[in-house]
1. What list of ³J(HN,Hα) values in whole Hz, one per residue of the stretch 119-128 in order, does the Karplus curve 6.51 cos²θ - 1.76 cosθ + 1.60 (θ = phi - 60°) give from phi, with Gly and Pro shown as x?
2. Expressed as cubic angstrom per residue, what is the convex hull volume of the alpha carbon set of the chain?
3. For the chain, what is the percent of antiparallel DSSP beta bridges, rounded to the nearest 5?
4. Exactly which trypsin sites (Lys or Arg not before Pro) in the stretch 423-471 are in a DSSP loop and have at most 14 other Cβ atoms within 10 Å?
5. With a cut-off of at most 15 other beta carbons within 10 Å, and DSSP calling the residue loop, which trypsin sites (Lys or Arg not before Pro) in the stretch 1-59 qualify? Please list them.
6. Do you know the relative contact order of the chain, to the nearest whole percent, from alpha carbon pairs under 8 angstrom that are 6+ apart?
7. What list of ³J(HN,Hα) couplings, whole Hz, do you get for the stretch 475-480 from phi and the Karplus terms 6.51, -1.76, 1.60, once you set θ to phi - 60° and write x for glycine and proline?
8. I want the local charge near ILE560. Using Cβ-Cβ distances under 15 Å, sum +1 for each Lys or Arg and -1 for each Asp or Glu among the other residues.
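Each reported figure results from applying straightforward, stated rules to the coordinates on display, with no laboratory input. Source: prediction; values computed, not measured. When we count neighbours, we look across all protein chains shown, and the Cβ atoms used for this are built from the backbone with ideal geometry, even at glycine.
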Amino acid sequence: MCGIVGILGSKPVATDLVDALRRLEYRGYDSAGIATVENGHLERRRAEGKLRNLESRLLSEPLTGRTGIGHTRWATHGRPTERNAHPHMSAKVSVVHNGIIENFRELKAELTAKGHSFETDTDTEAVVHLVSDELDQGRRPIDAVRAALGKLKGAFALGIIFAGEDDLMIAARQGSPLAIGHGRGEMYLGSDAIALAPFTDAITYLEEGDWAVMRRSGVEVFDRAGECVTRPLVKSVASSLLVDKGNHRHFMAKEIHEQPDVISHTLSNYLDMANARVAFPDLGVDLAKISRVTISACGTAYYAGLVGKYWIERYARLPVEIDVASEARYREAPLPDSGLALFVSQSGETADTLATLRYARANGQRIASIVNVRTSTIARESDAVLPTLAGPEIGVASTKAFTCQLAALACLAIALGKARGVISEAQEQELVTALVEVPRLISSMLHNEEQFVELAQALSKARDVLYLGRGSSYPIALEGALKLKEISYIHAEGYAAGELKHGPIALIDENVPVIVVAPEDDLLEKTVSNVQEVAARGGQIILISNANPEKIGCALAAHIVPPTAHPLTNPLIYAVPVQLLAYHTAVFMGTDVDQPRNLAKSVTVE
Ligand code: AGP
C-alpha cells in the first residue's frame, strides 16, 4: 500500500517527513519522495528503491521548507521509477496519492486537449493537472480542489500543497484511510496514526468522502457535499502498537474498512490498469499447458478457492479440483501430469495446507500459493507466490485477506483464460475494468452500516441461521455462515440454494432467519423459487441482492442492496455485507470480536 505523510511545521520538515515515511515502510514500497514549499515555490526530491536513497538525495540537495508532503509508492500505474515516484507536481501544485483514479485516462485526454503536458504514466498526475487547470481559471486553492474532487472517480487518498501557500495543506479521503494529527502550532497528515506517532497522539480520522483544509492553527473538515463537519479527536495508541485500530472499535472493523485500499493494491500487482490488461508475474510454468488446477485450503481461504474454481472453470475453461486441506492431505488423490497445485492461505503457516502442499510436490505438481505473509513457510515451499497485499490482518476472523485472495484469484483466472486463448482482448478489457471498479463499489457500502446494526439485533436472537447462494455466490453463503458462527457463536450453515429441498428445508420455521446471497445474474430466477419455498414455510428472509424486490414476489424480513456489478466481481462485492452482518451481530452479542473463543489466527497444528 502506498504511504502518505504531510507536515505544516514550525521548522524545516524534510527530515521529519522521511522519518514519518519510515514508519510506513511496513506497507511495502518501491520508491519514495517529498515536496516542500521553498520561498513560495514548490521543490521536490524523489528516489527509486528504499528511503536511504531519498535521504542521500536530500543530503546532496537539501530542502528547507516548513510545509511539505511525502510518499512511499507501491507502483500501480507505471513502473517503479523516479519519474513515476510521488509527489507529482506542476508549478502550482504538488500531490501525493494512495489508491486508484479510475477515470484518469479520460481526464488525461481532456487536460491534454487543453494544453497540459503529462510527463509520467501515473494516474496521480491527472490530479495535478486537474487542480492546476482549476487554478489557471482563477479559483482559490480550496475551490480548485473542491471542483477537482467532483471530477475524480475511484478509491483514493490525497495530500496536496500549493506554490505560494506556506500555511495550507488539503487532504481528501475516498476509500483509502487518512489521519490528521494535531500538534502545537503544527499539523500533520498520515495514511494512518503510525506515521504520526513521533509527532502527536491527537488524531482526527477522515471519514469516507471527507476532505480537509489544514493550517497550522487547525483543520476544517468538509463532507462529500461540501458541508463543514466535525470529526472526533481521538487519542492514538500507535506509538505502542505497530498496527492500531484507527478510529474503529475492533481490528475486524478496521480491516473490513481497509478493503477498498488493499484490494486496489492487490489488483495493481496483477493488472496493467493503464491499459486494462492483466500483467501477471511469471509463474515459471506455461499457463497454456496446465492440464488441471488443484486447489487446497482451509476455512475462509477454502471458500476463496471455491470462488476461484467457479471463475477458472467459467473464464479459463480449465478443470479445477478443490478440497479442504485436512481431507486432501489424506485422500491420496491421483494428481495429473502438468497439473498446477494452488494453495490459499492468509498466514501461510496452516499445518493441513502445508501438508497438502508437500503431498502435491511429492506427486510432481507445480506449486503456487496465494499468501498474505510473503516470508511464510507455504510461500517459501512454493515454486511461485501470488501475494495478497492486505497488510497485517489482526482480527482472527479473516476479512480483507479473503477479498484480496479473491482479487488475486480473479486475475489468475483471466491470465489463464488469456494464455489458453479462450478470453479475447475485448473480454480481457471488460473483466479488468470490472475489477478496477471494485474498490469504489465496496467503498459505497462501507458508509451505510446502520442497516446492519438493526439487523444484528434480530439475528442475535436466532438459534440457527441458514445462508443460501448459487454459483459463485454459494461460497459467499458458506463464508457468511462461517463469519457469523466464529464471532457470534450462533449456529449457522451455508447451503447451495438448490440443495434446500433435499433436506435443510425441514429446518425452516419462523425462528430460523434465512440469509439469501443473490445478485441479479442468470441464476436469480432459480434462487427466487427457493426464497418462495422458504417464505411458504414462514421462514424469515434476509435478502442480499441488487435485484428489485418485486422480482422476489414474497415478503422479506430485510433487503440489503449492494451496488450492481459485473457478474465476475459479485463475490467480492457480496462478501462485504455478510462480513458486516456477522460483525455487528457479534458486537451486539458482546463477544470478543477480534479474539473469538477457541480460535487462533493461524492453525499451525493438525
Ligand atoms: C477465517 O475467518 C478463520 N479465521 C479460519 O477459517 C481461517 O480462514 C483458516 O484457519 C485458514 O487460515 P489461513 O488462511 O491462514 O490458512
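1. So the Karplus estimates, Gly and Pro as x, are 10, 10, 9, 8, 6, 4, 4, 5, 5, 4 Hz.
2. Numbers: hull volume 91.6 nm³, N = 606.
Cα convex hull per residue, to the nearest whole number: 151 Å³.
3. Working: 62 of 102 bridges.
Here the share of antiparallel DSSP bridges comes out near 60 percent.
4. For trypsin sites (Lys or Arg not before Pro) across the stretch 423-471 that sit outside H, G, I, E and B with at most 14 neighbouring Cβ atoms in 10 Å, the list reads LYS461, ARG463.
5. Numbers: sites: ARG22, ARG23, ARG27, ARG44, ARG45, ARG46, LYS50, ARG52, ARG57; in loops: ARG23, LYS50.
Of the trypsin sites (Lys or Arg not before Pro), the ones in loops of the stretch 1-59 whose Cβ has at most 15 other Cβ atoms within 10 Å are LYS50.
6. Working: 1431 pairs, mean separation 65.0, N = 606.
Answer for the chain is 11 percent.
7. Per-residue couplings from phi come out as x, 6, 5, 5, 5, x Hz.
8. Details: positive: LYS483; negative: GLU449, GLU450, GLU454, GLU520.
Here the charged neighbours net out to -3.
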